[in-house]
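This report concerns only the one structure given below.
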Amino acid sequence: MTITQTNPRNYAPSVRAIEDMWADQSATAGTYPFLGAIALEDLHEHFLHSASAEEKDRILYALLSESAAGDDLATLTVVRLFIAKAVRLARSCTALRSLPHTEAVSCSIAAFWEAARAYPLHRKSKTAANLYLNAMEIIDRQRVAGAEVFLAQDALDWAVERGAPTESNADQDLAEVLMWALETEILSRDEVTLMSRYYLAPNPQSLHTRAAELGLSKFAFQKRASRIRIKLIAAVRQHVQNEGTW
């Protein structure tokens, strides 16, 4: 069953093009060893509805590695896994709202394609969230070389406060909030980068290294990250109070 059949709202010429290209290329392909017993044609359903957050990261990172090596089917597969997110982003992203729907969807899909091709493979954790946020930055034309922003799983407990529906997509919801903060100039790019680097630290010892990279002491690093987090929490709460919903 195709993506457009399972969810007619996802239909757009660019969605159909991705679906057709993927069908053509996957028809004569085998499977990828890292998928184990999962057939390539079953990956979309498994990824969205059965896979754990850890398995999603593992599969997505492996596909992105193949994409970086020039495997077009791997790139198509990644983009296909994010079609619903791309369509949603076309409706919600400030930079795309003024465009006709089909054009906005095309731009969004193109951003996910670019994000997949350019994914920094040294970032092996939170792969889905990283890819999603990078695509959002591409759409907003704010992405610059070396200024990637990445998310930690439990970095921002305000994600729970605003009701992220499941653990598996909470990181991508966080990406939307961070991009909203950038678009509305609530946070600067440097603030989001600093906060993300702080909460990505795998252990307390690594905070020294990350602080040094920014020319800060560990104490100053912690203090700035905490101040930015409080600022963002207040902004999210004010937005919800004003709008009645996120």
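Some notes on this structure:
- Heavy-atom accessible area ranking, 1.4 Å probe, most first, across H239, H49: H49, H239
- A convex hull fitted around the alpha carbon atoms of the range 20-77 yields 77 Å³ per residue.
- A 1.4 Å probe, protein heavy atoms only, puts the accessible area of R117 near 80 Å².
- Size-normalised alpha-carbon gyration radius of the range 40-129, reference 2.2 N^0.38 Å: 1.10
- Gained length - L99 relative to K231, 0.36 nm times residue gap less alpha-carbon distance: 44.3 nm
- Dipole of the range 41-81, positive end: most advanced residue of H44, L73, Y61 [Cβ charges, Cα centre]: Y61
The values are calculated or read from the model by the stated rules, or taken from the named source; none is laboratory data. Here the structure is a predicted model, which is why all the values come from computation and not from measurement. Cβ atoms come from the backbone with ideal geometry, glycine included; neighbour counts cover every protein chain shown. Note: areas computed on protein heavy atoms with side chains; ligands, DNA, RNA excluded. Shrake-Rupley method; radii C 1.70, N 1.55, O 1.52, S 1.80 Å.
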